[in-house]
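Below: the structure, in structure tokens.
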Amino acid sequence: MIEPPAHPGRRSSPTHEPDPAKLHMATVLLVEEGWTDQRIADYLGISRRTLGRWKWRAEVQFAVGVNRTLWRRRYSRASGHRLRQDDGPESPSPVDF
């Protein structure tokens, strides 16, 4: 008899590659204010532990850095602030999320 998954809609095996659409959405939500790791995980139908593993992926760190830069530029234009030359993408670490 096959056991049902512990969490419906969540993968039980970490060996699969993540769904690219979910990975992309995670990079967007990680930059948005008010989205905790638990809220992002629930929204995407993954565990918080999986989200934590995704944060260590190079493509996620790069995408979050790009999204942060775009967010800063959008904010600075909307508020009339000018960005300094050194306000470019940072080298994010999972601790910074």
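Residues of segment 59-71 being under 15 Å from Pro20 (Cβ atoms) and not aromatic (Phe, Trp, Tyr), which ones?
Glu59, Val60, Ala63
Show me the helices (runs of 4 or more DSSP H) entirely contained within the chain in which 3 or more residues are surrounded by 11 or more Cβ atoms within 10 Å (Cβ to Cβ), acidic (Asp, Glu) and at pLDDT below 90.
Where helices (runs of 4 or more DSSP H) fall fully within the chain, none carries at least 3 residues being surrounded by 11 or more Cβ atoms within 10 Å (Cβ to Cβ), acidic (Asp, Glu) and at pLDDT below 90.
The values are calculated or read from the model by the stated rules, or taken from the named source; none is laboratory data. Given the structure is predicted, the values throughout are model-derived calculations rather than measurements. Quick reminder, even Gly has a Cβ in these numbers, built from the backbone with ideal geometry, and neighbours come from all protein chains shown.
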